[in-house]
Structures are given as C-alpha cells and as structure tokens.
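K.L.:
Can you read through this structure? Questions will come right after.
The values are calculated or read from the model by the stated rules, or taken from the named source; none is laboratory data. As the structure is a prediction and not an experimental result, all values here were calculated from the model. Cβ sites come from the backbone with ideal geometry, for glycine too, and all protein chains shown count toward neighbours. Keep in mind that these areas ignore ligands, DNA and RNA; they rest on the heavy atoms of the full protein, side chains included. Shrake-Rupley method; radii C 1.70, N 1.55, O 1.52, S 1.80 Å.
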Amino acid sequence: METENKDQEPETASATLADGMHFVGNIEGFRIDLDAEESVGGVGAGPQPPRLLLQALAGCTAMDVISILRKKRQQVSGLSVEVQGSRADQHPRVYTRIEVLYRVRGQHVDPQAVARAIELSVTRYCPVIAMLGKVAEVTTSYEVEEETELKSVR
C-alpha cells in the first residue's frame, strides 16, 4: 500500500530558458542542460528530458545493486548499467518498453547474488523502476565478467 509521507519536504527541480529550446535545469544546485531534438529547434545543448528518465533509472538501480552486492560480500570491481527505451509513436510518446543490462566485473562474483540484487532493486527498492514500470514493460539481463586482478570500488 502506497502512502504519502506528509512530514517530508517536497522535492523540487526547475528549468529556465537559456535560448531557443535550450533550458538550464537545476536540482539542489546541480546544473543539467536540457534541449529538444533538432526537428523542433534543439541545438544539442543537452539531453532531451525523456532520456533523463532512462539515466535516472540506470543510476537508481545501479546504486541498489552495488549496495546489495557489497552487503553480500561479493568482490565487485565494476558495475555498469545500460538502459534502452522504446517510445510510443503517438504523443505523448511515453516509454512502452525499457531494457536494462547490468555488467558486473569482479572476482568469483556469484551470478545468483547478481540476479537476486537485480530482483530486489526491481521489485522493492528502485522508485524509478516502480514508476516507469506502471507505463512500460521493464526487462532486465546481466553479464558477469571474471576479473583476474581485483581493483577495489568504493
């Protein structure tokens, strides 16, 4: 059951017109340039806003998975998450399918631990997947690369 936390301060973000279709976004003092696609006046000054949803999903689930793998004492030296989204043809052109690929590097990393970490992120922890999963089919896959010499990631 979902409930709103009435004691929590609302989270905010802003976007201010720079020029053309280029906007400067601000989230807690962090600047993010945004732009539209060329066909509607964009000039490549930043990503298109819907793509930030894919980036948010990648970052959110990556943080979950690395945290869970560390708690499971897996010797992970690297993690990357690639996200591909397919959008509807008609406006508002929402994402209808999202594919998430996790690439885990380390020594003796247990594939079952990776699968469980991903499952927990998808079903319990990542709010971005929870939100986007209401409108899009989200699928996951992973690869584990054995590394001969461990480099610590903290």
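K.L.:
Could you run through the stretch 127-154 and say how many residues are of a type in the set (Lys, Arg) and either at pLDDT 95 or above or assigned to a strand (DSSP E or B) (or both)?
P.N.:
Initial filter on the stretch 127-154 (of a type in the set (Lys, Arg)): 134, 151, 154.
Next, from what is left, pick out any that are either at pLDDT 95 or above or assigned to a strand (DSSP E or B) (or both): 134.
The total comes to 1.
K.L.:
Restricting attention to the stretch 34-56, report how many residues are open to solvent by 40 Å² or more (accessible area, probe 1.4 Å) and acidic (Asp, Glu).
P.N.:
The qualifying residues number 2.
K.L.:
Could you give me the residue pairs with C-beta distances under 9 Å whose first residue belongs to the stretch 73-90 and is farther than 16 Å from Ala56 by Cβ and open to solvent by less than 60 Å² (accessible area, probe 1.4 Å), whose second residue is of a type in the set (Ser, Thr, Tyr) and assigned to a loop (DSSP other than H, G, I, E, B) wherever it lies, and which are 6+ apart or on separate chains?
P.N.:
Ser77/Ser152
K.L.:
If you go through the stretch 136-150 one residue at a time, do you hit one that is open to solvent by 40 Å² or more (accessible area, probe 1.4 Å) and on the phi > 0 side of the Ramachandran plot?
P.N.:
no
K.L.:
Still on this structure, please answer the following. Condition first: within 19 Å of Val135 (Cα to Cα), open to solvent by 80 Å² or more (accessible area, probe 1.4 Å) and at pLDDT 95 or above. Can you find one or more residues in the stretch 59-72 that meet it?
P.N.:
no
K.L.:
So, one more: Can you name the number of the only condition in (1) among the charged types (D, E, K, R); (2) at positive phi; (3) touching a strand residue (DSSP E or B) at 6+ places or on another chain (Cβ under 6 Å) that Glu28 fails?
P.N.:
Going through the list (1) among the charged types (D, E, K, R); (2) at positive phi; (3) touching a strand residue (DSSP E or B) at 6+ places or on another chain (Cβ under 6 Å), Glu28 breaks only (3).
K.L.:
Do you know which residues across the stretch 1-33 are open to solvent by 60 Å² or more (accessible area, probe 1.4 Å), among the small types (Gly, Ala, Ser) and over 22 Å from the mean Cα position of the chain (by Cα)?
P.N.:
Once the filter is applied, which keeps residues that are open to solvent by 60 Å² or more (accessible area, probe 1.4 Å), among the small types (Gly, Ala, Ser) and over 22 Å from the mean Cα position of the chain (by Cα), the stretch 1-33 yields only Gly20.
K.L.:
Here is a check on your reading of the model: is Val114 in a strand (DSSP E or B) and either more than 19 Å from Pro49 (Cα to Cα) or among the β-branched types (Val, Ile, Thr) (or both)? Steps first, answer last, please.
P.N.:
Numbers: in a strand (DSSP E or B): no; either more than 19 Å from Pro49 (Cα to Cα) or among the β-branched types (Val, Ile, Thr) (or both): yes.
No, not satisfied.
K.L.:
Sticking with this one: Which condition from (1) open to solvent by 30 Å² or more (accessible area, probe 1.4 Å); (2) within 16 Å of the chain's Cα centre (by Cα); (3) not hydrophobic (A, V, I, L, M, F, W, C) is the one that Tyr102 breaks?
P.N.:
If we test Tyr102 against (1) open to solvent by 30 Å² or more (accessible area, probe 1.4 Å); (2) within 16 Å of the chain's Cα centre (by Cα); (3) not hydrophobic (A, V, I, L, M, F, W, C), just (1) comes out false.
K.L.:
Kindly establish whether Thr96 is assigned to a helix (DSSP H, G or I), of a type in the set (S, T, N, Q) and at pLDDT 95 or above. I'd like the intermediate steps shown before the answer.
P.N.:
Working: assigned to a helix (DSSP H, G or I): no; of a type in the set (S, T, N, Q): yes; at pLDDT 95 or above: yes.
Considered against the rule, which asks whether it is assigned to a helix (DSSP H, G or I), of a type in the set (S, T, N, Q) and at pLDDT 95 or above, Thr96 comes out as no.
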